[in-house]
Structures are given as structure tokens and as C-alpha cells.
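Each remark here refers to the structure printed beneath this line.
The values are calculated or read from the model by the stated rules, or taken from the named source; none is laboratory data. Keep in mind that this is a model prediction, so the values were computed, not measured. Glycine gets a Cβ as well: all are built from the backbone with ideal geometry, and neighbour counts include every protein chain shown.
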């Protein structure tokens, strides 16, 4: 087992230096080239003053360069913090401020946004602009250009990390108005990767899709499982995902053999990809996670791809993947309920169990909250000891064990064969398009508008994207929709902006004075199209 994530790249570069590591459209990079370019950038970070354990931001589109940046940060003994290159500046600035990122690896396309990140609170002092031949001028920051990076030696810098060191921080939606940073070590990531490579037989001849952005936890498999096996990663761009027929063509043309994404992407492929039975013969493994896969769409895709193995992977960012289910052939008599598919049993070396409200292990057929213990579980939430203590708790059945369990907040039922079925959330967290969203975070952002008196955001189930968000807003005076939408767009990523905004005179209440969210959800019409807003 590779103790450190970047050692997976180094070992593959030694074994097969000329093998293709990343396919980025018409561009490719070999394992040796990727390793050497990452070494040069890692040395640049060290010359710029990076210390062991520093958090380094990655602010660039998913590309060969983003892989260079990711591995360089790890080689320098630091932790990478991936940012959504199209994310709202206020949110990105808050993330950079939260984990004290002073150095950003970025690209010139985003140059106009660097000063804005600074204005929103990011403590940036250094930019490494990997595609600029000469240093750009940025007020208040030192900029290092690509020529400086290329002048560094290509040999690896001295190793400074241990498997227990922080490797990356992924920010997810939080129950407050700010996102929370999930801290994951080399051991956390590598344990999952080793299991995945072994379980799905990933090998050097594979071509692995890279559908997820680097700030989404599904990317850990794409990046590191491919490196561990010496396989090629094929980058899947956003435009391709928007057109299922193009996606089908990409899978065929690039001979992708291992696919991993949220189910909604596969649903679109099944329903609008123009596939016929037996198409995409290279595709041997189809993995999905992040949301529920409606049985009728999964059955259709499995019928179109009878040669492929389908697996349902489950696990919040805090645990990597913790359970999995090898999907058997789906016959027509299976129930159509979207929660029919189990999330399965624990991956190797990880313990999962359902705990009832009275602190006992759930019996067969009984519901409980899923808790997870093992080497894939996070270190905690960056800078938030209270939230960490609430999430990582002593083992409920054997409190004397040395390592805590993670409370997922997910309700499951224990099945007779030792597997589990997902029931829903204990709190207001929902999923849409594979992203975890706290409804409270969306509401708090809308409430920050000076003209908003109160608001409520509800989630309505949708078979394509799991849930869509609807906002009901009470204002003190007339507010234009463009103004409110712009206000949200500056502070929230696209997937967290409600699909509809409805202005109301007041919000309905229950007998206890609480907002009657059930009645709001019942009056909300399911929408799977582009966002629309109504007065």
C-alpha cells in the first residue's frame, strides 16, 4: 500500500514513465511528465515559503494543470484546498479565509477575480500563475509565473509528510451560513483508494472517467485510483455533460472503461444518450454515488449496457466511501420506489452500524442513524472543535474503543443480510445533483438581504436530480427578481440557488408557531428544467 497519495503517482511514473496519465481533450500527459511537472511546482512552493501542513488553494479549471497543482501541493508536504473555478467570490473568499490560505495555484483566465477574492477576506499573499509566461501585476500579492516554475529541477523534493498528515480539505454545505471544511489525511484517502482498486480491479489498461470537479469528493477515486493502478484519467468537461449524446460519444471515442459519477448524469445518458443495446463495449464498470438512482432509470441503463458491472457506493465526504452494493440484474417486478436500492454493507476495514435513538444497535428491520468507524473517517472540521466533537463521538456500543465513530445523520434500516437501506436525513440536509445542501445555509444567505423579512426553502423530490429547491420569501418592500437572484449568485454556488422564488405576504405556521414547511413543500411543483422565478 502506498502510504502517501502522491507516492501513487511516483510509483506509476517509475513503472511505466511513458504511459498516459491524463487525457484532457486533445492533450495528453504521461506519468513521467506529470510527475516531473509536479516536482517543479512543489519546489516552487517551497521556494515561495510553503511550510509543512500549509493549506494551498487550487483555483483553476479541471485540466492537466489542475492535476499538476494537486500533486505538487502534496509533494510539498502541504494540503490542497480545491475551489470551484466558477464559484461565487464571497463563498470562495470565506473558504480561503477559514483555513488561512495565503498561496493560490491559479491560471490567468481567472485573473480578474483575484482582487475580488482578496476583498472578500481571503488572506492571499502569493499567486502561482501556471500558464502565465511572465509574472502578472497584482496589487498586494506576489505573482510567480510559469517560467519560474519551469526553471526548477524536475527531481522530487525531500519527503516531508506522514500518512497521518492532512492531505486535502473539502468544503461542504454547513448548517450555518458558512461552509464547513472536512479535513482528510493521506491515510483516509489512501485506504479508500486501495480498497477501490482491489474491489473493482482497476488496472493499467483502464481509462477512468473524471466527471467530478476536484472540490467534489467523488474526484478522490478518479484521481488517485487511476494513479495507483497506472491507468489513464479522461477528463469530462461540463459542456459534454450537458449533452448526453456527446457524453456517449466521448465514452466511446476515448474507450472509457471505468465510470464514476452521480446518478443524474447516468440517468441523462440512459434517457437521452441515444444508446442501443450493447453500445459502449469498453465500459466494464459503472460506479455511482452521491444521490439515489431511480430504479426505472438504472434498470434501463443496465439493459443498454448488459456487459457492465454496476455498483452503488455510499458515503459522506467525512468518511470517503463506507458502504457499497454490487447491483444484481434488475427484473421488471422490482418495486419502482427510488429508495429500493440498498446502500449495501461496509467496505473492507470499516465498521458501520445503525444506532437507535436510545443508543442501541438497531435490530434487523429497525431504523437507526448510520455511524461509521475506521481509517477512512475524517480528522474533523477545520477550525471548528465544537462541530467536530458533535460529529466524532465515542462508539455507542463499545465506548472504550480508541477511535471515534462519525455520526452521518442518515437514517437507514438494517436488512437481514447485514446490508443497509437508506431512508433519509435526520436534519434539513438534502442532496441535489449529487451535492449536499443544508437548507438552513441557503435560507441564511437569503435572509442577509436587507429587504427580506423572512424566508423558507423547501426541497421537492425529483427523479432526475434527487431534489429541487423552492424558496418562499417575505419582503419589507418590493424587490426585483434579478436583484434577489444576483444577491444569491454572489454568495451561493449554482446548485444551491433555488429553482423558484415565490414572494408571499407571510409564511404558513404550525400550531407551535414554527414555519409549516410541509405545506410549502406540498404547494411546490416539481421542476427539472432551468431555474425559473415567480412573483
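Among the residues making up region 85-103, those that are out of contact with any helix residue (DSSP H, G or I) (no Cβ under 7 Å at 6 or more places or on another chain) and within 21 Å of residue 212 (Cα to Cα) are 86, 87, 95. Residue-level analysis places residue 483 outside the set of residues that are outside any loop (DSSP other than H, G, I, E, B), under 21 Å from residue 178 (Cβ atoms) and modelled with pLDDT of 90 or more. Exactly one residue among 86, 131 is surrounded by fewer than 19 Cβ atoms within 10 Å (Cβ to Cβ), within 20 Å of residue 45 (Cβ to Cβ) and out of contact with any strand residue (DSSP E or B) (no Cβ under 7 Å at 6 or more places or on another chain), and that residue is 131. Scan region 205-216 and give yes if some residue there is surrounded by fewer than 20 Cβ atoms within 10 Å (Cβ to Cβ), under 30 Å from residue 429 (Cβ atoms) and in contact with a helix residue (DSSP H, G or I) (Cβ under 8 Å, 6 or more places away or on another chain), otherwise no. Yes, because at least one residue in region 205-216 is surrounded by fewer than 20 Cβ atoms within 10 Å (Cβ to Cβ), under 30 Å from residue 429 (Cβ atoms) and in contact with a helix residue (DSSP H, G or I) (Cβ under 8 Å, 6 or more places away or on another chain). Screening 16, 42, 21 for residues that are touching a helix residue (DSSP H, G or I) at 6+ places or on another chain (Cβ under 8 Å) and surrounded by fewer than 17 Cβ atoms within 10 Å (Cβ to Cβ) leaves exactly one candidate, 16. Annotation note: of 81, 101, 68, the sole residue that is assigned by TED's automatic domain parsing to the domain that holds residue 164, touching a residue at least 60 places away in the same chain (Cβ under 8 Å) and not in a helix (DSSP H, G or I) is 81. Residue check: is residue 247 in a helix (DSSP H, G or I) and either at pLDDT 95 or above or at negative phi (or both)? Yes: the conditions hold for residue 247.
For region 39-65, a residue qualifies if it is touching a residue at least 60 places away in the same chain (Cβ under 8 Å) and part of a loop (DSSP other than H, G, I, E, B), and the qualifying residues are 48, 49, 52, 53, 60, 62, 63. Tell me, yes or no, whether region 186-208 has at least one residue that is closer than 24 Å to residue 96 by Cβ and part of a strand (DSSP E or B). No - not one qualifying residue is present in region 186-208. Of the residues in region 138-161, none is modelled with pLDDT under 95, assigned by TED's automatic domain parsing to the domain that holds residue 49, part of a helix (DSSP H, G or I) and surrounded by fewer than 21 Cβ atoms within 10 Å (Cβ to Cβ).
Right, residue 452: crowded, with 16+ Cβ neighbours inside 10 Å and under 26 Å from residue 367 (Cβ atoms) or not? So residue 452 fails the test.
For region 217-247, name all the residues that are buried (at least 19 other Cβ atoms within 10 Å of the Cβ) and more than 16 Å from the chain's Cα centre (by Cα).
Within region 217-247, the subset buried (at least 19 other Cβ atoms within 10 Å of the Cβ) is 217-236, 244, 247.
Within region 217-247, 226, 227, 228, 229, 230, 231, 232, 233, 234, 244, 247 meet the criteria.
Taking into account only those residues within region 434-470 that are in contact with a helix residue (DSSP H, G or I) (Cβ under 9 Å, 6 or more places away or on another chain) and assigned to a loop (DSSP other than H, G, I, E, B), which is farthest from residue 317 (Cα to Cα)? Among them, the one singled out is 451.
Tallying residues that are closer than 20 Å to residue 508 by Cβ and surrounded by fewer than 19 Cβ atoms within 10 Å (Cβ to Cβ) within region 462-489 yields 3. Filtered by the rule that a residue be outside any helix (DSSP H, G or I), at pLDDT below 95 and within 19 Å of residue 54 (Cβ to Cβ), region 104-131 gives a lone residue, 121.
Of all residues in region 267-281, those that are touching a residue at least 40 places away in the same chain (Cβ under 8 Å) have Cβ atoms under 6 Å from Cβ atoms of residues that are part of a loop (DSSP other than H, G, I, E, B), 6 or more apart or on another chain, in 267/464.
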